[in-house]
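> Here it is, the structure in full.
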Amino acid sequence: MGGFRSLPARAARWQPEEGIGLEHVSLGPGPTGFLIRGTVIGERGGIPYGVFYRLSCDEAWRTRSLILKATSGRSIDIHSDGQGHWHEADGRPLDNLDGAIDIDLAGSAFTNTLPIRRLKLAEDECSGVLTMAYVPFDTFKPVRDHQIYTCLERGSLYRYEAADRSFTAELPVDEDGLVRDYPTLFRRIPVDIP
């Protein structure tokens with residue numbers, strides 16, 4: 001496949017390979033690019049969680065904002081200029097996230113789609129080390145994380161690596177660049193909602 005087509009409004013769901021949980025995502029065009037709304041329920045390390053997120057991306061798939069709300073009442077509202085500079089909703093800078101273009105949410109299969117769509121890697125091309133704004137659901141405090149993506153088959157298969165090489169997975173994607181399955185962690189399930 002030569003590249004990704006433009007993304008229509010659609011929904012997708014993933015289940016964890018182990019334990020119980022679900023991620024449901026609705027995505028499509030937004031005012032300045034793409035708007036993604038998702039709900040994730042599950043547990044990590046024996047701690048249950050339930051969160052709602054709203055991501056907005058510009059037309060180049062750079063994350064511009066994240067609103068994340070937990071059923072426990074905790075929330076995050078952060079914004080980016082698309083060039084790796086982040087601030088809270090009240091304008092306070094988040095210097096600890098400098099350099100991050102993409103968001104990575106713990107417990108989410110969808111957020112791997114963000115760098116895959118944004119980078120448009122050619123076959124056998126590697127992203128180099130990317131800085132992510134990673135949000136663990138236990139602390140709700142965004143931190144910098146480093147990841148590497150490599151295109152194995154353009155438009156259909158990518159390798160994800162933790163930059164410290166502690167974890168690697170081959171991620172098949174559909175025609176819209178959405179992760180089909182995340183081996184050992186998540187599997188995509190059918191959804192009949194348009």
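> For the stretch 112-157, what relative contact order do you get, as a whole percent, if you take Cα pairs closer than 8 Å and at least 6 residues apart? Don't jump to the answer; show the numbers that get you there.
Working: 56 pairs, mean separation 19.1, N = 46.
Reported relative contact order: 42 percent.
> Moving to a separate point now. Working from the alpha-carbon coordinates of the chain, get Rg over Rh, Rh being the Kirkwood radius.
Expressed as Rg/Rh, it is 0.93.
> To continue, here is another question. Give me the tail of P(r) for the stretch 115-194 as a percent: Cα-Cα pairs with distance above 21 Å.
Percent of Cα pairs beyond 21 Å in the stretch 115-194: 34.
> Enter the accessible area per residue of the chain (Å², integer; probe 1.4 Å; all protein chains in place).
Result: 48 Å² of accessible area for each residue.
> Could you grab the relative contact order for the stretch 119-194? Cα pairs under 8 Å, six or more apart, rounded to a whole percent.
The normalised contact order for the stretch 119-194 reaches 19 percent.
> From the phi of every residue in the stretch 82-94, what ³J(HN,Hα) in whole Hz does the Karplus formula 6.51 cos²θ - 1.76 cosθ + 1.60 yield, where θ is phi - 60° and glycine or proline is x?
Ordered by residue, 3J(HN,Hα) equals x, 10, x, 10, 10, 8, 6, 4, 7, x, 5, x, 10 Hz.
> Oh, and also: Run a plain Debye calculation on the stretch 1-89 (Cα atoms as equal point scatterers, no solvent) and give log10 I(q)/I(0) at q = 0.10, 0.16 Å⁻¹, rounded to two decimals, same order as the q list.
For the stretch 1-89 at q = 0.10, 0.16 Å⁻¹, log10 I(q)/I(0) is -0.32, -0.77.
> I'd like the Karplus ³J(HN,Hα) series for the stretch 141-147: coefficients 6.51, -1.76, 1.60, θ = phi - 60°, whole numbers in Hz, and an x wherever there's a Gly or Pro.
10, x, 9, 6, 9, 10, 9
> Sticking with this structure for a sec: What is the chain's relative contact order, in percent, from Cα pairs under 8 angstrom and six or more apart in sequence?
RCO, the chain: 18 percent.
> Between the alpha-carbon centers of the stretch 121-194 and the stretch 77-100, tell me the distance in whole angstrom.
Cα centroid of the stretch 121-194 versus Cα centroid of the stretch 77-100: 22 Å apart.
The values are calculated or read from the model by the stated rules, or taken from the named source; none is laboratory data. Just so we're clear, the structure is a prediction, and the values are computed from it rather than from any experiment. Please note that ligands, DNA and RNA were not included when accessible areas were found on the heavy atoms of the full protein model with its side chains. Shrake-Rupley method; radii C 1.70, N 1.55, O 1.52, S 1.80 Å.
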